[in-house]
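The structure appears right after this line, and notes come after that.
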């Protein structure tokens, strides 16, 4: 079994690369999320917990509307990146695993409890502990990505955690709502790149048929990618 120390070391080693990926991937989601929470009157908020907040992707967008922002993560190097983004003296950062945070007695609950793409929020007990932390509970997950060039030929494994959370809430007869955020971008893909990308996955004859179907006589085609995130509010 992987220990908390090993998990922290993994995320410490991955922190710089993770931040670079986060800067490139769906950069508009923090602003879209913030606008929606303002619309729903969940923000502004006196206190806000960002659990497993990583390198603080959502901090710059959310912090202006929070009096006391708390970001918790298992990785000290992730937190170092997040700290550099904080603008308020009332924003605090804590290096702690989710399991240990759940065990720590709360002086008071948070007005809003938020977690995005949390890999450790997996069991019924985790969800129950998460619920106990505050009044408005928000879980954001990446749910789908589809593009017009590569996706028709790739196998994907759907993320079922959001469905698991909803099933738990339904069993408990607890109300919830969801909001989906979708973002689209385009890029040019060359015939040579397509061939190299699938070279190890398909036989040459099959790959040639794929190229002909996708590119026809063109050397480049436009690839349109749609990425979707879903927010669970309960």
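What follows draws every value from the coordinates through simple rules; no lab data is involved. Because the structure is predicted, anything quoted here is derived from the model rather than measured. Neighbour counts are summed over all protein chains in view; Cβ atoms, including those assigned to glycine, are modelled from backbone coordinates with ideal geometry.
Some observations on this one:
- Packing rank of 146-157, 198-209, where each peptide gets the mean count of other beta carbons within 10 Å, highest leading: 146-157, 198-209
- Taking packing as the residue-averaged number of other Cβ atoms within 10 angstrom, the listed peptides 69-76, 214-221 run from highest to lowest as 69-76, 214-221.
- Mean-position separation - Cα centroids, segment 95-118 and segment 1-27, in angstrom: 19 Å
- Eigenvalues of the alpha-carbon gyration tensor of segment 62-169, scaled by 5 and square-rooted, set the equivalent ellipsoid semi-axes at 29, 19, 13 angstrom, largest first.
- Convex hull projection area averaged over all views, the chain, Cα basis, nm²: 15.3 nm²
- The alpha carbon gyration tensor of segment 118-226 gives principal lengths a ≥ b ≥ c with a/c of 1.5 or higher and a/b greater than b/c, which makes the shape prolate.
- Segment 1-86 shape via C-alpha gyration tensor axes, a/c threshold 1.5: prolate
- Normalising the average separation of contacting C-alpha pairs (under 8 angstrom, six or more residues apart) by the number of residues puts the relative contact order of segment 1-140 at 23 percent.
- Semi-axes of the equivalent ellipsoid for segment 87-127, Cα gyration tensor, largest first, Å: 20, 14, 11
- Contact order relative to length of the chain, as percent, for alpha carbon pairs under 8 angstrom and 6 or more apart: 18 percent
- Cα coordinate range in segment 54-98, projected on the principal axes (Å, largest first): 25, 15, 15
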